[in-house]
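Q: Structure incoming, see below.
The values are calculated or read from the model by the stated rules, or taken from the named source; none is laboratory data. From a predicted model like this one, the values you see are computed outputs, not experimental measurements. Neighbour counts are summed over all protein chains in view; Cβ atoms, including those assigned to glycine, are modelled from backbone coordinates with ideal geometry.
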Amino acid sequence: MDDLFGDTDPTLPERDELAPGAVLLRGRALAAQAELLRAVAAVAEAAPFRHMVTPGGFRMSAAMTNCGSAGWVTDRKGYRYAPADPESGRPWPAIPAVFLRLAADAAAEAGYPGFLPDACLVNRYAPGAKLSLHQDRDEADYDHPIVSVSLGLPATFQFGGPKRADPVRRIRLEHGDVVAWGGPSRLFHHGVLTLKDGDHPATGRARINLTLRKAL
Ligand code: SIN
Ligand code: FE2
């Protein structure tokens with residue numbers, strides 16, 4: 001039942017090294033998909049998705065929310081981790097156990113044992129939304145990896161290098177794929193190309209991405 005919506009191409013390897021220290025684990029989240037999606041809905045009920053504004057004044061096309069003891073936010077004042085949801089003033093909901101388990105297991109498989117995230121950014125992309133090439137560098141300590149879980153509509157993920165102008169590899173991320181990067185590629189640039197329209201049995205016309213980090 002839980003594998004009902006597996007979109008993983010069986011001809012592609014289950015494990016793909018995108019860059020040194022960056023590993024794509026295809027279909028790694030499929031077994032937990034129903035539980036993951038229920039947990040996303042619970043998080044979004046406590047802290048609704050919203051479109052944040054960049055310091056430069058641009059509205060982000062992906063809708064975002066967070067769970068964890070810190071949540072990534074952006075507004076005219078800058079990018080940062082905040083202990084409470086600025087929309088409600090309440091602490092972000094706790095990271096669901098199913099997120100923590102998957103993040104720790106996938107990180108360990110990618111070569112990062114003992115990963116215990118305290119922040120999870122939840123991105124929701126509608127068709128047309130994208131995320132420009134960027135580095136995840138608002139965290140206190142770069143010794144911890146990043147774990148990213150993709151659900152719903154497929155997307156083209158870009159994974160580059162330490163410099164913004166470095167060549168990027170483009171990889172299709174499907175429902176249930178997990179990427180973990182750290183060590184030598186912890187600060188590598190990455191982004192998501194404009195989401196193509198589609199209708200996914202698990203999420204409808206949307207892609208959901210969980211980005212788990214140790215922020216504090
Ligand atoms: C991110 O870099 O925060 C999200 C990446 C993704 O949506 O795959
Ligand atoms: Fe990122």
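Q: Output the residues belonging to segment 187-216 that are over 26 Å from residue 31 (Cβ atoms) and either within 16 Å of ligand 2 (Cβ to nearest atom) or modelled with pLDDT under 95 (or both).
A: Residues satisfying the conditions are 187, 188, 189, 191, 193, 215.
Q: OK, next. Residue check, residue 127 against (1) away from ligand 1 (no atom under 16 Å from the Cβ); (2) over 16 Å from the mean Cα position of the chain (by Cα), all met but one. Which one?
A: Of everything listed in (1) away from ligand 1 (no atom under 16 Å from the Cβ); (2) over 16 Å from the mean Cα position of the chain (by Cα), residue 127 misses just condition (1).
Q: Something else about it: Out of all the residues in segment 169-216, which are at positive phi and touching a helix residue (DSSP H, G or I) at 6+ places or on another chain (Cβ under 6 Å)?
A: Once the filter is applied, which keeps residues that are at positive phi and touching a helix residue (DSSP H, G or I) at 6+ places or on another chain (Cβ under 6 Å), segment 169-216 yields only 176.
Q: Test residue 113 against the criterion of being farther than 29 Å from residue 199 by Cα and surrounded by fewer than 16 Cβ atoms within 10 Å (Cβ to Cβ), and give yes or no.
A: Numbers: farther than 29 Å from residue 199 by Cα: yes; surrounded by fewer than 16 Cβ atoms within 10 Å (Cβ to Cβ): yes.
It is true that residue 113 is farther than 29 Å from residue 199 by Cα and surrounded by fewer than 16 Cβ atoms within 10 Å (Cβ to Cβ).
Q: Would you pick out the residues in segment 147-168 that are among the polar types (S, T, N, Q) and on the phi > 0 side of the Ramachandran plot? Break it down stepwise before answering.
A: Residues of segment 147-168 that are among the polar types (S, T, N, Q), as a first pass: 148, 150, 156, 158.
None; the set is empty.
Q: Picking from 20, 13, which residue would you name as being at pLDDT below 95 and surrounded by fewer than 17 Cβ atoms within 10 Å (Cβ to Cβ)?
A: Working: 20 fails: at pLDDT below 95.
Checking each option against the conditions leaves just 13.
Q: Looking at 80, 38, can you tell me which residue is assigned to a strand (DSSP E or B) and loosely packed, with under 15 Cβ neighbours inside 10 Å? Write out each step before concluding.
A: Numbers: 38 fails: assigned to a strand (DSSP E or B).
Result of the check over 80, 38: 80.
Q: Check off (1) more than 10 Å from ligand 1 (Cβ to nearest atom); (2) under 16 Å from the mean Cα position of the chain (by Cα) for residue 161 and give me the number that stays unchecked.
A: Among (1) more than 10 Å from ligand 1 (Cβ to nearest atom); (2) under 16 Å from the mean Cα position of the chain (by Cα), residue 161 violates only (2).
Q: Residues being of a type in the set (Phe, Trp, Tyr) and either on the phi > 0 side of the Ramachandran plot or exposed (fewer than 14 other Cβ atoms within 10 Å of the Cβ) (or both): count how many of those fall in segment 53-77.
A: Quick first cut of segment 53-77, residues of a type in the set (Phe, Trp, Tyr) only: 58, 72.
Cutting the leftovers down to either on the phi > 0 side of the Ramachandran plot or exposed (fewer than 14 other Cβ atoms within 10 Å of the Cβ) (or both) gives us 58.
Total satisfying the criteria: 1.
Q: Considering only segment 158-168, I want to know if a residue exists there that is touching a Ser or Thr at 6+ places or on another chain (Cβ under 9 Å) and within 11 Å of ligand 2 (Cβ to nearest atom).
A: If we filter segment 158-168 for residues that are touching a Ser or Thr at 6+ places or on another chain (Cβ under 9 Å), which is where we start, we get 159, 161-162.
Now restrict to residues that are within 11 Å of ligand 2 (Cβ to nearest atom): 159.
Yes - at least one qualifying residue is present in segment 158-168.
Q: Condition first: farther than 11 Å from residue 208 by Cβ and within 13 Å of ligand 2 (Cβ to nearest atom). Now tell me which residues in segment 122-141 satisfy that.
A: 130, 131, 132, 133, 134, 135, 136, 137, 138, 139
Q: Within segment 192-201, how many residues are within 13 Å of ligand 1 (Cβ to nearest atom) and surrounded by fewer than 18 Cβ atoms within 10 Å (Cβ to Cβ)?
A: Within segment 192-201, the subset within 13 Å of ligand 1 (Cβ to nearest atom) is 192-195.
Imposing the further condition that a residue be surrounded by fewer than 18 Cβ atoms within 10 Å (Cβ to Cβ) reduces the set to 193-194.
Total meeting the criteria: 2.
Q: For the condition closer than 20 Å to residue 68 by Cβ, more than 16 Å from ligand 2 (Cβ to nearest atom), of a type outside the set (Gly, Ala, Ser) and at pLDDT 95 or above, what is the one hit in 184, 91, 145?
A: On the way: 184 fails: closer than 20 Å to residue 68 by Cβ; 145 fails: more than 16 Å from ligand 2 (Cβ to nearest atom).
Only one candidate qualifies: 91.
Quick grid of which residues meet (1) in contact with a Pro (Cβ under 8 Å, 6 or more places away or on another chain); (2) within 16 Å of ligand 1 (Cβ to nearest atom); (3) β-branched (Val, Ile, Thr); (4) in contact (Cβ under 8 Å) with a residue 24 or more places away in the chain:
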site: 46; (1), (2), (3), (4): yes, no, no, yes
site: 63; (1), (2), (3), (4): no, yes, no, yes
site: 80; (1), (2), (3), (4): no, yes, no, yes
site: 83; (1), (2), (3), (4): yes, no, no, no
site: 103; (1), (2), (3), (4): yes, yes, no, yes
site: 122; (1), (2), (3), (4): no, yes, yes, yes
site: 132; (1), (2), (3), (4): no, yes, no, yes
site: 138; (1), (2), (3), (4): no, yes, no, yes
site: 142; (1), (2), (3), (4): no, yes, no, yes
